[in-house]
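This report concerns only the one structure given below.
Here, each number is a calculation from the coordinates, and none is a lab measurement. Small disclaimer: the values here were computed from a predicted structure and weren't measured.
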Amino acid sequence: MRILVAADIFGTTEPLRTIAAQCNEWGHQAEIIDPYADAAWFDDEGRAYGFFLGQGGVAAYADKVRGHLEGRADMPVCIGFSAGAAALWQVVAAAGEAVPLAVGFYGGQIRHAVTAAPRCPCLLIFPEDEPHFSVPGLISRLQGRPGVHCAAVPWRHGYMNRLSVNFDRGGYDRTMTWLEWLLNRPGRAGLGEDVFRDLLNTGS
């Protein structure tokens, strides 16, 4: 299976390469796309955000992802983080019928395109809370659409990125175990709410 990993505003970092490499070890073929023309990356969130906005923000990023997918015969499963998740949301809503599955982690800017109707199964994982909007409120607006399934996990925005102040080792490990199961699960198009069961079963 081919997999496209859409980076957050940090760009193509070593932690993201580690995730892609892990997908390869599971027997898939993963590639990374990021918002920047020269595969830039940052280790400071403030600088990264300013540069990301200067490059056109989510709209420009979505255009880049759309161009990357356009005309492909081997359409990949798409996995996005933060801004990457928001960009994927716009792409699969516009012309995503050929994408087998989209998985978005803490794509808070999806709230600015909440009326979009994705054309492929979408699994959206949000943090337990966000400072600028209500996570339960956003989930309630997204749930119930065909193929869209949401979950709020007990970790914070950026928990999958070792460069983020919110990186959570336990959450990362549990999510990678869940992701391996998901990518190797037959019949992904028929995913239901129970798909998040093991991810949310964080134990004591």
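When Rg and the Kirkwood Rh are both derived from Cα coordinates, the Rg/Rh ratio for the stretch 18-132 amounts to 0.95. Only alpha carbons enter this Debye calculation for the stretch 68-131, each as an equal point scatterer, and the log10 of I(q)/I(0) it gives at q = 0.12, 0.27 Å⁻¹ is -0.27, -1.18. Each principal axis of the Cα cloud of the chain was taken in turn, and the coordinate range along them, longest first, works out to 42, 39, 37 Å.
DSSP beta bridges confined to the stretch 2-189 are antiparallel in about 5 percent of cases.
Taking every Cα-Cα distance in the stretch 100-174 and sorting them into 10 Å bins starting at zero, the pair-distance distribution P(r) comes out as 19, 52, 26, 3 percent. Note: relative contact order over the chain, using C-alpha pairs below 8 Å and six or more positions apart, is 16 percent.
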